[in-house]
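These notes concern the structure reproduced below.
The values are calculated or read from the model by the stated rules, or taken from the named source; none is laboratory data. Values in this document were obtained by computation on a predicted structure and should not be read as measured data. Note: ideal-geometry Cβ built from the backbone for every residue, glycine included; neighbour counts use all protein chains shown.
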Amino acid sequence: MSILIRRTTGLPVNLAYLDAGQGSPVIFVHEFAGDMMSWLPQVNALSRRFRCIAYSARGYTPSDIPTDPKAYGWEFSVVDLIALMDFLKIPKAHIVGLSMGGYAVVSAGYLHPDRILSITPCSAGSGSVSKGRKEMIASSRALADRIEREGTRSAVAEYAKAASRLPFLEKDPVGFDTFFEQFSSHDALGSALTLRGFQAARPSLLDKGQELSTIKAPVMMMLGDRDSGCVEPTLFMWQTIPGATLAVLPNSGHCINLEEPEVFNRLLLDFIDRVEGVGAEST
C-alpha cells in the first residue's frame, strides 16, 4: 500500500492531501504547528482498516496560500473541510482534529451535522480560557509579526518549545526534531495570516455553549494532562456536548498524536469501532 499525495482542483482554495486505505473515511485536520505530514503515525496505523485522509490547510504548502488576509479564519477551516469531502464525494466521515484542527472539527459538528459520523477533538481550545485570553491573542499577533520579519524558522523556535510541548521533547527528542523541521519549513506568509485570521480572531469555545450543545454526533476528546492551556476548554466541551467522552493521557502535552502515537491510535480505533458498531446495529 502506498500513500497518495494529491491536490484538489477547481476549488476556490485547492488543498494537498494524503489518501490511503479503504473503508469508512477518517479525515485528519492538523494544528497550527503541523501539516498533513503530522498525521503519518495515524494514517499508517488506521489505513489498514479505514480510508484515511489528511490534508494541509490553506496557508500551508503544498496547499494554496491566499494572500488576502480576509481569506483566513476559523470559518474557512470548516468550509475547506466540507469542500474536500465534496471533492472526494464523501457524504459522511469521522473527523479528527488537533488544536486548531480540533476547533475546526467541533465547529463542523454543529454547522454540518449531516456530514459527520464522529468527532475527535484533541488538544483543543488553546486561547479559549476565562483568564489570560487577551494576552494569548496579543501573543499570536506578535508571533505573526515576528514570522514576517525573521522568517518561520527563527520566529517559531521559542514557540515550539513552549511548556505544553516539552513532554514531546523529553520523551522523543528525535521525533521532536522531525516535528520542528516540518514546522520551521512552513510558509511565512501563510503562517502569519493563519495566526492573525484564525488563532487570534476565533471566538472562545467558552462562548459557544449553545452551539456545542446541539452536536448530535458521537464525540471523544483527548487531552494531555500537561497541556494546561487546553484543560478548561476541554472540560467545558466535555460537560456541554451531549454524551461526549474524555480520554486524558498522563504525562503528555499538546502534540499527543506524535508524542504518544500508540496510545493515541488505540484510543481512536476503539472509539471509531464503537461508533461503527452502533451504526451497524441500528441499520
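Of the residues that make up region 215-230, is at least one surrounded by 24 or more Cβ atoms within 10 Å (Cβ to Cβ), assigned to a helix (DSSP H, G or I) and acidic (Asp, Glu)? Checking region 215-230: not a single residue is surrounded by 24 or more Cβ atoms within 10 Å (Cβ to Cβ), assigned to a helix (DSSP H, G or I) and acidic (Asp, Glu).
Can you tell me which residues in region 74-130 are in a helix (DSSP H, G or I), out of contact with any Pro (no Cβ under 6 Å at 6 or more places or on another chain), crowded, with 20+ Cβ neighbours inside 10 Å and hydrophobic (A, V, I, L, M, F, W, C)? Selection gives PHE76, VAL78, LEU81, LEU84, MET85, MET100, ALA104, ALA108. The condition of being at positive phi and in contact with a His (Cβ under 6 Å, 6 or more places away or on another chain) holds for only one of SER38, SER118, SER123, that being SER123. Of the residues making up region 209-219, not a single one is at pLDDT below 95 and in contact with a helix residue (DSSP H, G or I) (Cβ under 9 Å, 6 or more places away or on another chain).
Here region 174-204 is the region considered, the condition is being assigned to a loop (DSSP other than H, G, I, E, B) and of a type outside the set (S, T, N, Q), and the residue that is surrounded by the fewest Cβ atoms within 10 Å (Cβ to Cβ) is PRO203. In this structure, ALA144 qualifies as without any contact (Cβ under 8 Å) to a residue 60 or more places away in the chain, within 22 Å of SER56 (Cβ to Cβ) and surrounded by 17 or more Cβ atoms within 10 Å (Cβ to Cβ). Within region 1-39, the set of residues being assigned to a strand (DSSP E or B) and more than 20 Å from LEU223 (Cα to Cα) comprises LEU4, ILE5, ARG6, ARG7, ALA16, TYR17, LEU18, ASP19, ALA20, PRO25. Within the option set ASP207, ASP270, being more than 16 Å from THR120 (Cβ to Cβ) and either surrounded by fewer than 21 Cβ atoms within 10 Å (Cβ to Cβ) or free of Cβ contacts under 8 Å to residues at least 24 places away in the same chain (or both) holds for one residue only, ASP207.
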